[in-house]
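Quick notes on the structure that follows.
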Amino acid sequence: MTSGNIRIESMIYSFNTDGEIDIIDLTEEIITFVRKTGILEGRVTIFCIGSTGAIACTEFENGLISDNKEILQKLIPKAAGYIHDRIDNNAHSHLRSTLLGSEITIPVIDGELVLGTWQQIVFFELDVHKRSRRVVFQILGVDPSH
Amino acid sequence: MTSGNIRIESMIYSFNTDGEIDIIDLTEEIITFVRKTGILEGRVTIFCIGSTGAIACTEFENGLISDNKEILQKLIPKAAGYIHDRIDNNAHSHLRSTLLGSEITIPVIDGELVLGTWQQIVFFELDVHKRSRRVVFQILGVDPSH
Amino acid sequence: MTSGNIRIESMIYSFNTDGEIDIIDLTEEIITFVRKTGILEGRVTIFCIGSTGAIACTEFENGLISDNKEILQKLIPKAAGYIHDRIDNNAHSHLRSTLLGSEITIPVIDGELVLGTWQQIVFFELDVHKRSRRVVFQILGVDPSH
């Protein structure tokens, strides 16, 4: 147990995506955020604002990134007669987002995210066009200097 | 960073469902809970008690709600020779729950959940009959008045 | 609301798995961890280090455990021409992990996890061989005795 006061810090990370299906590695940005806060023990929540994106872990390797796109297209095909597509064109984007999930919480110990070597935190752009996106990084934990 | 003491509040939200597959929008109840606590910066965890329900984000639009039901029936069909169905009748309910997930944590900034306009928090009733359900809302964060 | 100071405690739980697909019930270990901390109101985050494992809820019943393995093999088959398999042999392990998720956060109220009777927290070994694994248990909450 680390001694000190519990502190919370939030930031909104903004970026642009290349459209369907773009998978973006957020790990370095999250590590930088965590280190700047000085919090040594706690947890970071990464939350995707919007219901056509997703947050998940994977190994950020080019082949596997392609495989992730392929499996999503196989499990939830585009334009497969969805009712939502009568008023919009992205039902499959929403369904994929619900399946993958909008959020992950990662523990921080000794000032570092407890990730495996080949475990990256990624954003999935699932919508049908390029977008500007906002993802929340929020840390809650103990900073021994306060 | 908001100054003040960190506080935690929990509530169990109870409701009835219409059976398989009922999708219920919990967003307004969660917003009301967050505002009553007076917490300005923090996070809310929404957790489904029981292993035949699920919590996820989606746009709560009628067509898309139907599409969500359809895709679950396609990915994990009912009564497809599951071993659990030899002693019960809801193996597919459990499998769908494991796939969708039981929990989501959403950041709160300036006293509000950071949701997109078309991003609602929903409960999935995946069991085979009408049920009474309990979902935990728990907030943890800074209240500047204390 | 429970009065007292907010405290955080982390532990890394290490164990061995039997290879693909081994599903291990962590519930008792997590309950023991929570009780030892003395925290009465808060939340526990369970996080899988590594991108070929997963954390989820299910009923830990033998038939259903088999059904969970079967459905994963059906949804994301092994060696189905994945690009990642040109440099490794576990693309399907990664894809299954991304689908199921790496983390869950469970509220604690009155010193107990708020789980349903047939709701267990399990680790999925999705990699292709036996492994030694590390899962983080991290609790954050109020201990009235401090």
Name the one entry in C:N62, C:N90 that is within 11 Å of chain B (Cβ to nearest Cβ) and out of contact with any Gly (no Cβ under 8 Å at 6 or more places or on another chain).
C:N62
Taking the range C:85-117 only, how many residues are farther than 19 Å from C:S51 by Cβ, not in a strand (DSSP E or B) and not aliphatic (A, V, I, L, M)?
4
So which residues in the range B:109-128 are facing another protein chain (nearest Cβ under 9 Å) and either more than 16 Å from B:T58 (Cβ to Cβ) or free of Cβ contacts under 8 Å to residues at least 24 places away in the same chain (or both), if there are any at all?
B:I109, B:V114, B:G116, B:T117
On the basis of being open to solvent by 20 Å² or more (accessible area, probe 1.4 Å) and either in a loop (DSSP other than H, G, I, E, B) or closer than 21 Å to A:L72 by Cβ (or both), does B:K74 make the cut?
yes
Could you grab me the full set of residues in the range A:33-44 that are part of a strand (DSSP E or B) and β-branched (V, I, T)?
A:V44
Report every pair of residues separated by at least 6 positions or lying on different chains whose Cβ atoms are under 7 Å apart, first residue within the range C:62-88 and farther than 17 Å from A:E61 by Cβ, second in a loop (DSSP other than H, G, I, E, B) and open to solvent by 90 Å² or more (accessible area, probe 1.4 Å).
C:G63/B:I87
Number of the condition not met by C:I46 [criteria: (1) touching a helix residue (DSSP H, G or I) at 6+ places or on another chain (Cβ under 9 Å); (2) within 18 Å of B:L95 (Cα to Cα)]
(2)
Filter pass, A:E103 being within 14 Å of chain B (Cβ to nearest Cβ) and among the acidic types (D, E):
yes
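Out of the residues in the range B:118-146 that are among the polar types (S, T, N, Q) and assigned to a strand (DSSP E or B), which is surrounded by the most Cβ atoms within 10 Å (Cβ to Cβ)?
It comes out as B:Q138.
Per-residue answers, yes or no, for (1) at positive phi; (2) assigned to a strand (DSSP E or B); (3) among the aliphatic types (A, V, I, L, M):
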| residue | (1), (2), (3) |
| --- | --- |
| A:I6 | no, yes, yes |
| A:E9 | no, yes, no |
| A:E20 | no, no, no |
| A:I24 | no, yes, yes |
| A:E28 | no, no, no |
| A:I31 | no, no, yes |
| A:I46 | no, yes, yes |
| A:S51 | no, no, no |
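Quick one: count up the residues across the range B:83-98 that are open to solvent by less than 20 Å² (accessible area, probe 1.4 Å) and touching a helix residue (DSSP H, G or I) at 6+ places or on another chain (Cβ under 7 Å).
6
In contact with a strand residue (DSSP E or B) (Cβ under 6 Å, 6 or more places away or on another chain), more than 8 Å from chain B (Cβ to nearest Cβ) and open to solvent by 10 Å² or more (accessible area, probe 1.4 Å): does that describe C:I49? Full working, then the answer.
Values: in contact with a strand residue (DSSP E or B) (Cβ under 6 Å, 6 or more places away or on another chain): yes; more than 8 Å from chain B (Cβ to nearest Cβ): yes; open to solvent by 10 Å² or more (accessible area, probe 1.4 Å): yes.
Against the criterion (in contact with a strand residue (DSSP E or B) (Cβ under 6 Å, 6 or more places away or on another chain), more than 8 Å from chain B (Cβ to nearest Cβ) and open to solvent by 10 Å² or more (accessible area, probe 1.4 Å)), C:I49 qualifies.
Which residues, taken from the range A:118-139, are among the hydrophobic types (A, V, I, L, M, F, W, C) and within 14 Å of A:I30 (Cβ to Cβ)?
Within the range A:118-139, A:I121, A:V122, A:F123, A:V135, A:V136, A:F137, A:I139 meet the criteria.
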Examine the range A:20-35 for a residue that is at the interface with another protein chain (Cβ under 10 Å from one of its Cβ atoms), within 25 Å of B:A54 (Cβ to Cβ) and touching a Leu at 6+ places or on another chain (Cβ under 8 Å), and state whether such a residue exists.
no
Please go through the range C:55-67 and give me each residue that is more than 21 Å from C:T105 (Cβ to Cβ) and either open to solvent by less than 30 Å² (accessible area, probe 1.4 Å) or not in a loop (DSSP other than H, G, I, E, B) (or both), ordered by number.
C:N62, C:G63, C:L64, C:I65, C:S66, C:D67
Collect the residues in the range A:3-43 that are among the polar types (S, T, N, Q) and touching a strand residue (DSSP E or B) at 6+ places or on another chain (Cβ under 6 Å), keeping them in residue-number order.
A:S10, A:S14, A:N16, A:T17, A:T27, A:T37
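The values are calculated or read from the model by the stated rules, or taken from the named source; none is laboratory data. This one's a predicted model, so the numbers in the text were calculated from it and none came from an experiment. Note: ideal-geometry Cβ built from the backbone for every residue, glycine included; neighbour counts use all protein chains shown. Just the protein is used for accessible areas: all its heavy atoms, side chains included, with ligands, DNA and RNA removed. Shrake-Rupley method; radii C 1.70, N 1.55, O 1.52, S 1.80 Å.
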